Structure formats: structure tokens, C-alpha cells
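The values are calculated or read from the model by the stated rules, or taken from the named source; none is laboratory data. None of the values given here were measured: they were computed from a predicted structure. Using ideal geometry, Cβ is built from the backbone for each residue, glycine included, and neighbour counts are taken over all protein chains shown. Heavy atoms of the whole protein, side chains included, go into the accessibility calculation; ligands, DNA and RNA do not. Shrake-Rupley method; radii C 1.70, N 1.55, O 1.52, S 1.80 Å.
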Amino acid sequence: MTDANQMLPIIRQMLDAESDEARARILLVVSDVVLMRHREVFEQACRRIGFDLGEQFIAVRRAEWHAVRGADGALRNALFAEFRAAFAEFAGVAP
């Protein structure tokens, strides 16, 4: 999906975003299924524009997908939520 004519609109939005904060907002809202299916494309986009924090965020989301849950279904490791909160704050959308 590297051809511009075949590029997902959300990837095009990431590449055309005016700032890393805007790119972070896009990564925060992309669905898990889209990110799972096109993870490498998102990672390549982050590399292409030098958005290292975005690539780290994708790695954390990927780790979340594979993480063992507690008996209540919640993630056991609070670091996932802490990283997501810090990323959201960077993006300007912290609660």
C-alpha cells in the first residue's frame, strides 16, 4: 500500500498533518483492527516523517493486544495506560 493512489486516507492524513501533535491525534483514534491490519504501513509512515514517538505508541498498542489480562479482563500493567495518557497529553487531548 505504498502507491499514493492505494494509500489509506488515514495514512495520507498522517503524512499531510501539520505537526506531530496532529499525527498523534490520528494514532489515538485509529481503530485497533485498522492498525493491526496495516501496522507496518503506519510504522513506515512514522519513520518516513521522523515521528519516533508515534512509532513507539504503535509498539505499545501492539504490546497491549498481546498482553495477559487480569481476571476482570483489564490489563495488568499500568504502564500501558500511563503511556497512552502521556501520548494523549502530547497530542493535546488529555482528559
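Here the chain has 51 percent of its accessible surface on carbon and sulfur atoms, given a 1.4 Å probe and all protein chains in place.
Projecting the Cα atoms of A24, G70, F87 onto the dipole axis of the chain, where Lys and Arg carry +1 and Asp and Glu carry -1 at the beta carbon, places G70 farthest toward the positive end.
Phi-derived couplings, Karplus 6.51 cos²θ - 1.76 cosθ + 1.60 at θ = phi - 60°, listed residue by residue for the stretch 17-23: 4, 7, 7, 5, 5, 5, 5 Hz, with x used for Gly and Pro.
What FRET efficiency comes out for R12 versus A74 if R0 is 25 angstrom and r is the Cβ-Cβ distance? Round to the nearest 0.05. Calculated transfer efficiency: 0.10. About its Cα centre, the dipole of the chain is roughly 280 debye, where the only charges are +1 on Lys and Arg Cβ and -1 on Asp and Glu Cβ.
State the extension gain, in nm to one decimal, for the chain segment bounded by E89 and E40, taking 0.36 nm per residue of separation less the distance between their alpha-carbons. Working shown, then result.
On the way: separation 49, 0.36 × 49 = 17.64 nm, distance 2.48 nm.
Full extension from E89 to E40 adds 15.2 nm.
Subtracting the Cα-Cα distance of A67 and D52 from 0.36 nm times their residue separation leaves 3.2 nm of extension gain. For the chain, the Kirkwood estimate of hydrodynamic radius, built from reciprocal distances between every pair of different alpha carbons, is 14.0 Å.
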